[in-house]
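Here is the structure we will look at, set down as structure tokens.
The values are calculated or read from the model by the stated rules, or taken from the named source; none is laboratory data. The model shown is predicted, which means the values in this text are computed figures rather than measured ones. Every residue, glycine among them, receives a Cβ derived from its backbone with ideal geometry; neighbour counts consider all protein chains shown. Accessible surface areas use protein heavy atoms only, side chains included; no ligands, DNA or RNA. Shrake-Rupley method; radii C 1.70, N 1.55, O 1.52, S 1.80 Å.
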Amino acid sequence: MTETKSPADRPFERMIPPGSGRRRDPAFNKGRQPDPQAAEDIRALLGDRPRRRDLLIEYLHLVQDRFGCLSAEHLQALADIMRLPMAEIYEVASFYAHFDIVLEGEQPPPKVTIRVCDSLTCELMGAQKLIQELKARSGKDIRVLRAPCMGRCDTAPVAEVGHSHVDHATAQSLLKAAKDGHVHPHVPTYVDFDAYIAAGGYRLLKDCYAGKRTADDLVKIMETSGLRGLGGAGFPSGQKWKIVRQQPKPRLFAVNGDEGEPGTFKDRYYLERDPHRFLEGMLVAAWVTEVETCYVYIRDEYPAVRAILEKEIARLQKEGLTGKVGVELRRGAGAYICGEESSMIESIEGKRGLPRNRPPYPSERGLFGRPTLTHNVETLHWVRDIIEKGPDWFIQQGKNGSKGLRSYSVSGRVKNPGVKIAPAGTTARELIDTYSGGMAAGHTFKGYLPGGASGGILPAGMADLPLDFGKLEAHGCFVGSHAVVILSDQDDMKAVALNLMRFFEDESCGQCTPCRNGTEKAVALMSKKTWDTDLLKDLSLVMRDSSICGLGQAAPNPLLSVLKYFPEDVR
């Protein structure tokens, strides 16, 4: 029996003589035909790489890196070669901030792009003045853009020249870097494979492969330790392993290295210094949960991290330490929303990073519809120590009723910002006085963000609260990824809240109306000299109750905190 196709399913054809019993080739292909030179460019660029749909974002990066932009001709050629609709290619490319699409008749971007971070800590350290000075001094060959948090808040203000970061940036240092061609990432010194092995690394993983450890025992150790997801949600790690192990095979693993929360830089700290501790934790978790492939998703703002992981993962595979597990490194493209796990999964699949409705949860149906283990980088960093030293060691590190160690990203008005490894339950006052050398000269402690942009703002009078999961919710805040930004008497809390709301407005994926329109409306209201507090509270309630994901639900937290704890700044 011959299958009957609708006109929508078959190409436009020449007229076929009745009763001929055969189909002729199409008279011409539908749609715009790819430019021959552009098609040759794309074929040469892709080489023998597989034409899989999930690799679309990786291939868009290849084109952008090679040609400096995504021209309409190259996009059309890529669509033809990958056998995808042009609309699908365009919607993905236009979703991510780091892709430059150049349509017909438009000029390509200048050779060098300088992105200046204007998230909260960089704003406190003069980002707006820096942007204005750069625009006044840069010529037509340099493009200056504002950009969201680059994960280097301890060295603010920060900017990126091409793919090279400049810490404590000035207009002079940035223009010099652009002139000298310093546009490629600087890879810092780190503990490489040989050094890690010499210090006892991968003995735990080898014991797992040799049958000296059992998966059930490791799950029990992780459950007892109380280690929770350290990307912000805080779900118990051992319980997550147990749930995934109960799901049917094949199973997958998605590692979240997209820490885009303003004020957070702990994952970069570990990956640029001791990447194999994370990789061993990942491979142990993969062995326990018997996953087929690990997908490591790293934000595009971390080019040095990508360079490190590409080299060290290749070494692991050469040494046979990845076992039967495949490891794929995936590159983000400038979208904060992809730090939300379901958005990350969509991005790994080569799509726009739109959050999924849940249930089902990723542990049941995640990547490519398969059961998927998801973890944050720092969570996996602690796995080896917990298993080798025992759960009691980890538990005893905490204080004030909390368990374990935490990596607090401390920035803002302190003398010595940076990642502070301290007991879970440490207070903001302790982070300032004991770990950060006190307040910066000339500044008096006024308030702090306990959990990055979405965690709310608390006054200095509440600086003795333990910073850990479940300790701040009663005050309208949460610890999230443990990003602590310290504010002083020289900071206007209305301006702080507006900076954070602008970030959420820019980073909203646009999928749901409460977040898309709510953040835009909030920015407009908060930009006025006098705030309509009743209207802002109503708007916040709608956003919190009806947004699809945590971005829209948490976006009002800084605003509501300022109204509650800093009423004198609102008058």
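The set of residues from the range 87-145 being of a type in the set (A, V, I, L, M, F, W, C), free of Cβ contacts under 8 Å to residues at least 60 places away in the same chain and more than 30 Å from Gln490 (Cβ to Cβ) comprises Ala87, Ile89, Ala93, Ile101, Val102, Leu103, Ile142. Within the range 238-251, residues that are under 12 Å from Glu223 (Cα atoms) have Cβ atoms under 7 Å from residues that are at pLDDT 95 or above and surrounded by fewer than 19 Cβ atoms within 10 Å (Cβ to Cβ) in these pairs: Gly238/Glu223; Gln239/Glu223, counting only partners at least 6 apart in sequence or on another chain. Selection of the range 533-554 for residues being under 13 Å from Ala522 (Cβ atoms) and acidic (Asp, Glu) yields only Asp538. Assess whether Glu364 counts as being of a type outside the set (Val, Ile, Thr), touching a Pro at 6+ places or on another chain (Cβ under 7 Å), outside any helix (DSSP H, G or I) and modelled with pLDDT of 95 or more. When the stated conditions are applied, Glu364 passes them. Number of residues in the range 42-60 that are surrounded by fewer than 19 Cβ atoms within 10 Å (Cβ to Cβ) and either among the hydroxyl-bearing types (Ser, Thr, Tyr) or touching a strand residue (DSSP E or B) at 6+ places or on another chain (Cβ under 7 Å) (or both): the value is 1. If we scan the range 114-135, do we find a residue that is within 23 Å of His381 (Cβ to Cβ) and assigned to a loop (DSSP other than H, G, I, E, B)? No, there is no match, as no residue in the range 114-135 is within 23 Å of His381 (Cβ to Cβ) and assigned to a loop (DSSP other than H, G, I, E, B). Could you tell me whether any residue of the range 466-474 is in contact with a Pro (Cβ under 8 Å, 6 or more places away or on another chain), assigned to a helix (DSSP H, G or I), open to solvent by less than 10 Å² (accessible area, probe 1.4 Å) and of a type in the set (A, V, I, L, M, F, W, C)? No; the residues of the range 466-474 include none that is in contact with a Pro (Cβ under 8 Å, 6 or more places away or on another chain), assigned to a helix (DSSP H, G or I), open to solvent by less than 10 Å² (accessible area, probe 1.4 Å) and of a type in the set (A, V, I, L, M, F, W, C). Answer yes or no: is there a residue in the range 296-308 that is under 19 Å from Leu205 (Cβ atoms), open to solvent by less than 50 Å² (accessible area, probe 1.4 Å) and either at pLDDT below 95 or within 16 Å of the chain's Cα centre (by Cα) (or both). Yes: one or more hits.
Scanning the range 256-267 turns up no residue that is among the basic types (Lys, Arg) and either at pLDDT below 95 or surrounded by fewer than 24 Cβ atoms within 10 Å (Cβ to Cβ) (or both). Note on the range 405-464: residues that are surrounded by fewer than 24 Cβ atoms within 10 Å (Cβ to Cβ) and on the phi > 0 side of the Ramachandran plot amount to 5. Looking only at residues in the range 317-361 that are more than 19 Å from Ala97 (Cβ to Cβ) and part of a helix (DSSP H, G or I), the one that is most open to solvent (accessible area, probe 1.4 Å) is Lys318. Residues in the range 293-352 that are among the hydroxyl-bearing types (Ser, Thr, Tyr) and in contact with a helix residue (DSSP H, G or I) (Cβ under 7 Å, 6 or more places away or on another chain) were compared, and the one that is nearest to Pro185 (Cα to Cα) is Tyr302. Regarding Asp118, is this residue at negative phi and open to solvent by 40 Å² or more (accessible area, probe 1.4 Å)? Here the answer is no, as Asp118 does not meet what is asked. For the range 436-469, which positions are within 24 Å of the chain's Cα centre (by Cα) and touching a residue at least 60 places away in the same chain (Cβ under 8 Å)? Result: Leu449, Gly451, Gly452, Ala453, Ser454, Gly455, Gly456, Ile457, Leu467, Asp468, Phe469.
Filtering the range 231-245 for residues that are surrounded by fewer than 20 Cβ atoms within 10 Å (Cβ to Cβ), among the hydroxyl-bearing types (Ser, Thr, Tyr) and under 27 Å from Ser407 (Cα atoms) leaves an empty set. Here the range 393-411 is the region considered, the condition is being in contact with a helix residue (DSSP H, G or I) (Cβ under 6 Å, 6 or more places away or on another chain) and of a type in the set (Gly, Ala, Ser), and the residue that is nearest to Ala483 (Cα to Cα) is Ser409. Which one of these is open to solvent by 30 Å² or more (accessible area, probe 1.4 Å), on the phi < 0 side of the Ramachandran plot and more than 24 Å from the chain's Cα centre (by Cα): Leu134, Leu103, Leu130? Matching residue, one of Leu134, Leu103, Leu130: Leu103.
For every residue, the table says whether it meets (1) of a type in the set (Ser, Thr, Tyr); (2) part of a loop (DSSP other than H, G, I, E, B).
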residue: Leu174; (1), (2): no, no
residue: Ala177; (1), (2): no, no
residue: His186; (1), (2): no, yes
residue: Tyr190; (1), (2): yes, yes
residue: Cys208; (1), (2): no, no
residue: Gly211; (1), (2): no, yes
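From the list Cys153, Cys69, Cys122, the one residue that fits, being at pLDDT 95 or above, touching a strand residue (DSSP E or B) at 6+ places or on another chain (Cβ under 9 Å), under 24 Å from Arg330 (Cβ atoms) and not aromatic (Phe, Trp, Tyr), is Cys69. With the structure loaded, tell me whether Ser94 is modelled with pLDDT of 95 or more and in contact with a helix residue (DSSP H, G or I) (Cβ under 9 Å, 6 or more places away or on another chain) or whether it fails that test. Taking the combined requirement at face value, the residue does not satisfy it.
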